[in-house]
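Read through the structure below, which is laid out as structure tokens, and then see the notes.
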Amino acid sequence: MTAPHRHALYTVAQVRALDRRAIEVLGIPGYELMRRAAAAAFASLRRHWPHAQRVAVYCGPGNNGGDGYLLALLAHEAGMAADVLALAEAAGEGDAARARTACEQGGVPVHHWDGMSPLPEADVYVDALYGTGLNRPPQPAAAALIERLNLGGRPILALDVPSGLNADTGRCPGVAIRASLTVSFIAAKRGLHTGQASAHTGRIELATLGLPESLWQEAPDAHLLEAATLPPRPRDAHKGRNGHVLAIGGDHGTAGAVRLCGEAALRGGAGLVSVATRAEQLVSLNAARPELMAHAVNGPQALEPLLEWATVLAVGPGLGQGAWGHALWLTALDSTLPLVLDADGLNLLAAEPRRFDPTRQVVITPHPGEAARLLGCSVADVEHDRFAAARALAQRFGTVAVLKGAGSLVADADGRLDVCPWGNPGMASGGMGDLLTGLVAALLAQGCSARDAARLGVGLHARAGDLAAREGERGLLASDLFVPLRHLLNGLDA
């Protein structure tokens, strides 16, 4: 079922409040919600695995297990062979116990998982072990079962959330189910869309269980980015209307980083792109991309005239943290121009923190290691709650913050947050961040606000990566994104 709020992401506490509201205000019994959840998940199972004849359902003691019992009963009633393995000898209380009783009385025997028996033969495994309430490693017996299921060689349908995954943060504190498909109920949980979640959820479907629009009264915690691009240019456009990006970087041995950044700004639609770099880089930059206006800059005095012509700065790719890079960094930050900071531009900011004027359009684009340095914590702390880390970065520095990684996050200083649903492991290669920096700078140069430039840039970058990865993820280069990026920006490839 298509959700009326399919781009809205909620915390676990918010989803629990929605569940209570459905029961207490709308008068829908909890057991009825359980029945609807089981029916929605079974419909997805039949749709994705239409030839499946046998299912094995693994149930925990809570309501997630109750969903599993009722799904097994539906499979049995549809003529499929259904096996149920329960973690506990008996169900807990309330609706889950009622569901187990209904399952057994309907002719589906429930067997206790003893940790030793082989898994039953099945075409599809159904994970109904843990729901959204788990925020610790699974108990040893459940952990052993999860590991067996992951090694079982069968597709896994996870109910609501893959067991072992924190539905709030996307973190796995221990082992977790690696699902082929996750059917999430009532509302989309934010943690299923970032961090480690991408390795565990498989495809995600949302079933709102036929609940009315009136249920969703509270604003969501975050949103999924939607596919978007810039409007067509007017026929009388000229380069002066599309901004002038100045990319600053390329210390000894790092011409490639600033070249990728500069070319991304060109490919992103900036009217003009200059590069302030070491003198030794000029020949290679002019040979590789003559459209870039490369300037030898030996210090702040040489940089100042270039700042007068620029409309946006992209600072950091290949900048280094030595005296040369530090001097150019200080000069760039002391200007009032819109700014994108990445790489060593961020490492220097971590060493000398400052909060930017809220009227200045500034975007920072750290990966988790850079974010940890900026926040004065560990990478593990950042990944423990990526949502909190992204918001802390934006608030601490008065910027729009892009926390890169699987399910990149875009946060602003007001707490608004967006999650990128695109991207792939092939993009974990050198130069991808330099390309994103140039693209966001180009969008700023064309008139986007810092938030819109970051959101649009992150989305286009990830979607271009997915198009480029059609030829394979391993060996994907940052420069492979230029052609699909141009297609996306011009509406030539959906």
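Please turn the phi angles of segment 370-384 into ³J(HN,Hα) values with the Karplus equation 6.51 cos²θ - 1.76 cosθ + 1.60 (θ = phi - 60°), one per residue in order, whole Hz, x for glycine and proline.
Using θ = phi - 60°, the values come out as 5, 4, 4, 5, 5, 9, x, 9, 8, 4, 4, 5, 4, 6, 4 Hz.
LEU9's amide H: which non-local residues (gap 5+, or another chain) put their own amide H closer than 5 Å, with H modeled 1.01 Å from N in plane and none for Pro or chain starts?
For LEU9, whose amide H was placed from the backbone, the distant partners under 5 Å are ASP221, ALA222, HIS223, LEU224.
Roll a 1.4 Å probe over the protein chains and send me the accessible area per residue for segment 131-182 in Å². List each step's numbers first, then the result.
Numbers: 1870 Å² over 52 residues.
Counting only protein heavy atoms, the per-residue value for segment 131-182 is 36 Å².
What is the magnitude of the charge dipole of segment 180-276 about its Cα centre, with +1 placed on the Cβ of each Lys and Arg, -1 on the Cβ of each Asp and Glu, and no other charges, expressed in debye to the nearest 20?
Values: 9 positive and 8 negative charges, 92 e Å.
For segment 180-276, the charge dipole is close to 440 debye.
Relative contact order for segment 407-470: what percent, with Cα pairs under 8 Å and sequence separation of 6 or more?
Values: 56 pairs, mean separation 25.6, N = 64.
Across segment 407-470, relative contact order equals 40 percent.
Tell me which label goes with the value of Rg/Rh (Cα atoms, Kirkwood Rh) computed from the coordinates here: [x] 0.95; [y] 1.06; [z] 0.98.
Derived directly from the coordinates: [y].
Within the accessible area of segment 339-381, what % is carbon and sulfur when the probe is 1.4 Å and the other protein chains stay in place? Mind dumping the intermediate values first?
Working: 900 of 1680 Å².
C and S atoms contribute 54 percent here.
If you fit an axis through the alpha-carbon atoms of helix 30-48 and take the longest principal axis of the Cα set of the chain, what angle between them do you get, 0 to 90°, nearest 10?
70 degrees
Percent relative contact order of segment 240-344, based on C-alpha pairs within less than 8 angstrom and at least six residues apart?
Values: 210 pairs, mean separation 33.4, N = 105.
It comes to 32 percent, rounded to a whole number.
Translational D (Stokes-Einstein, µm²/s) of segment 403-462 at 25 °C and 0.890 mPa s when Rh comes from the Kirkwood sum over C-alpha pairs?
Details: Rh = 11.8 Å.
Translational diffusion coefficient: 208 µm²/s.
Just to confirm the number: angle between the C-alpha axis of helix 432-445 and the first principal axis of the chain, 0 to 90 degrees, nearest 10?
70 degrees
What whole-number distance in Å separates the alpha-carbon centres of segment 114-147 and segment 207-234?
One Cα centre to the other: 33 Å.
How much of the accessible area of segment 15-153, in percent, comes from carbon and sulfur atoms when a 1.4 Å probe is used? Don't skip to the answer; put the middle values down first.
Numbers: 3230 of 6340 Å².
The nonpolar share, carbon plus sulfur, comes to 51 percent.
Rank these by accessible area, largest first, 1.4 Å probe: TRP49, TRP113. Write out the running numbers ahead of the final one.
Values: TRP49 50, TRP113 15 Å².
Largest accessible area first, the list is TRP49, TRP113.
Given contacts defined as C-alpha pairs under 8 Å and at least six residues apart, what's the relative contact order of the chain, whole-number percent?
Numbers: 1101 pairs, mean separation 61.5, N = 494.
Rounded, it is 12 percent for the chain.
Could you work out [θ]222 nm for the chain from helices alone, using -39500 (n - 2.57) per DSSP H run of at least four and dividing by all its residues? Round to the nearest 500 deg cm²/dmol. Write out the running numbers ahead of the final one.
Working: 16 runs with 187 residues, N = 494.
About -11500 deg cm²/dmol.
Of THR254, THR336, which has the most accessible area with a 1.4 Å probe, and how do the rest follow in descending order? Mind showing how you got there, number by number?
On the way: THR254 45, THR336 125 Å².
Ranking THR254, THR336 by accessible area, largest first, yields THR336, THR254.
Per 5 Å bin, what is the whole-percent P(r) computed from every C-alpha pair distance within segment 355-404?
5, 26, 35, 20, 10, 4, 1
Give me the net charge of ALA81's neighbourhood, meaning all other residues with Cβ under 13 Å from the Cβ of ALA81; Lys, Arg count +1, Asp, Glu -1.
Values: positive: ARG54; negative: GLU77, ASP83, GLU121, ASP123.
Residues close to ALA81 contribute a combined charge of -3.
Test of understanding: what is the full-extension gain from SER117 to GLN217, defined as 0.36 nm times their sequence separation minus their Cα-Cα distance? All intermediate terms of the calculation are to be shown ahead of the outcome.
On the way: separation 100, 0.36 × 100 = 36.00 nm, distance 4.73 nm.
Difference between extended and current length: 31.3 nm.
The values are calculated or read from the model by the stated rules, or taken from the named source; none is laboratory data. Remember, predicted model here, so these are calculated numbers, not experimental data. All Cβ positions, glycine included, derive from the backbone under ideal geometry; neighbour counts span all protein chains shown. These accessible areas exclude ligands, DNA and RNA; they are computed on the full protein's heavy atoms, side chains included. Shrake-Rupley method; radii C 1.70, N 1.55, O 1.52, S 1.80 Å.
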